[in-house]
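**Q** Below: one structure in structure tokens.
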Amino acid sequence: MFFKKKEKSEDIITIIQKKGLVKRYFLLIVGCFLYALAFNAFFLPEEIVHGGVSGIAIITKNLFNLTPSVVILGLSLVLLVVSYFTLGWDKTKGSIIGSIAFPLMVQLTSDLPRILQFNINDTLLIAIFGGVVAGIGSGVIFKTGFTTGGTDIINQIVSKYAKVSIGKAMIMSDGIIVLSAGFFLGEPGIVFAWEKVMYAVIVLYLLSFMADQVILGISQSKCFYIVTKHETAVKKFVMNSLNHGVTVLDGRGGFTGDHRKVIMCIVPTKEYFLLKEGINSIDPEAFFLVTDAYEVYGGE
């Protein structure tokens, strides 16, 4: 039975991976273009190292005047080989196209800053816009189910063998690269370039935030979990006054052990205030939890 369930799950994953391949490859190229544009237009000129193989390319450009796209491609190919022997083919194949497409886009967009003539002297503004553009590109890439390889592969290897989460592995790898930039990219007489590291932190935050917004979208709905002594009155208010459905869940207090009903309902964000005040009017002692609902499917 276990093997049948496992085979069924693998069949589902295979179907998902083959779904909309042309569209996904197109979006992957678009995402790589946006990320490469941010790299060449914002990060490379200001030497803002925010991690990843592109960050290493900025350091090697400064130290040895190596072409960034060549460095990125070389490191990506080496890491693909390492991934194949440590993570296996299934984990590696999703990074192949991105590992080639990203350095190619870096090379193709290398002259864009000169053509567009970005005459901006405010490094903070550059970091903000770079983080936003790179975050959008990164989000588009992740939404396709592919990656650009690079340090993503390192993160998976560290996660697998060091038994830590992908998030912690990312902090470790990106942290090492960013701190290295602080030592290598400092001005003469300055031991550590704190300013560049601070800009890198801003970029990392904006990049992750924008990537999440692209992947999840902007929340248009709120999900309420309500525990109240006036269950019937709250249900009637939601269904009759707001014209939304409800689901009643069985709950039990962790401390008291008492069994209580939990009302779950999803309303548009614009009706958040009405429902919150309605609950407080019906039962001032009601307990409710509100979360963002990014996608809502099904129901009648």
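The values are calculated or read from the model by the stated rules, or taken from the named source; none is laboratory data. Please read all numbers here as calculations on a predicted model, not as lab measurements. Positions of Cβ are backbone-derived with ideal geometry, glycine not excepted, and every protein chain shown enters the neighbour counts.
**Q** GLY257: in contact (Cβ under 8 Å) with a residue 24 or more places away in the chain and over 30 Å from GLY52 (Cα atoms), yes or no? Please lay out each step first, then the result.
**A** Numbers: in contact (Cβ under 8 Å) with a residue 24 or more places away in the chain: no; over 30 Å from GLY52 (Cα atoms): yes.
Here the answer is no, as GLY257 does not meet what is asked.
**Q** Further, regarding this structure: Here are some residues: LEU79, LEU73. Which one is surrounded by 15 or more Cβ atoms within 10 Å (Cβ to Cβ), more than 21 Å from ALA41 (Cβ to Cβ) and in contact with a helix residue (DSSP H, G or I) (Cβ under 9 Å, 6 or more places away or on another chain)? Walk me through how you get there before you give the answer.
**A** Values: LEU73 fails: more than 21 Å from ALA41 (Cβ to Cβ).
Just a single option satisfies the conditions, and that option is LEU79.
**Q** Please determine, by comparing only the residues of the range 289-300 that are within 30 Å of the chain's Cα centre (by Cα) and loosely packed, with under 14 Cβ neighbours inside 10 Å, which one is nearest to ILE215 (Cα to Cα).
**A** From the range 289-300, those within 30 Å of the chain's Cα centre (by Cα) are 289-299; that's our starting set.
Remaining after also requiring loosely packed, with under 14 Cβ neighbours inside 10 Å: 289, 291-292, 295-299.
Working: LEU289: 24, THR291: 17, ASP292: 14, GLU295: 11, VAL296: 15, TYR297: 17, GLY298: 20, GLY299: 23 Å.
Across the range 289-300, the extreme among qualifying residues is GLU295.
**Q** Filter the range 104-136 for residues that are assigned to a helix (DSSP H, G or I), surrounded by fewer than 15 Cβ atoms within 10 Å (Cβ to Cβ) and free of Cβ contacts under 8 Å to residues at least 60 places away in the same chain and give the result.
**A** Matches in the range 104-136: ARG114, ILE115, LEU125.
**Q** Pick from LEU249, LEU242: which is touching a Gly at 6+ places or on another chain (Cβ under 8 Å) and assigned by TED's automatic domain parsing to the domain that holds ILE279? Even if it seems obvious, please write down each step before you answer.
**A** Numbers: LEU249 fails: touching a Gly at 6+ places or on another chain (Cβ under 8 Å).
Matching residue, one of LEU249, LEU242: LEU242.
**Q** Moving to a separate point now. With respect to ASP283, determine if the residue is farther than 21 Å from LYS236 by Cα and either assigned by TED's automatic domain parsing to the domain that holds ASN240 or at pLDDT 90 or above (or both).
**A** Values: farther than 21 Å from LYS236 by Cα: no; either assigned by TED's automatic domain parsing to the domain that holds ASN240 or at pLDDT 90 or above (or both): yes.
Criteria not met by ASP283.
**Q** Let me ask another. If you take the residues of the range 42-66 that are of a type in the set (S, T, N, Q) and surrounded by 16 or more Cβ atoms within 10 Å (Cβ to Cβ), which of them is nearest to LYS160 (Cα to Cα)? Break it down stepwise before answering.
**A** If we filter the range 42-66 for residues that are of a type in the set (S, T, N, Q), which is where we start, we get 54, 60, 62, 65.
Of the ones still in play, those that are also surrounded by 16 or more Cβ atoms within 10 Å (Cβ to Cβ) are 54, 60.
Numbers: SER54: 23, THR60: 29 Å.
The selected residue is SER54.
**Q** I'd like the full set of residues that are part of a loop (DSSP other than H, G, I, E, B) and touching a residue at least 60 places away in the same chain (Cβ under 8 Å), limited to the range 137-168.
**A** Taking the range 137-168 first, the residues part of a loop (DSSP other than H, G, I, E, B) are 144-150, 163-165.
Passing the criteria: THR144, GLY145, PHE146, THR148, GLY149, GLY150.
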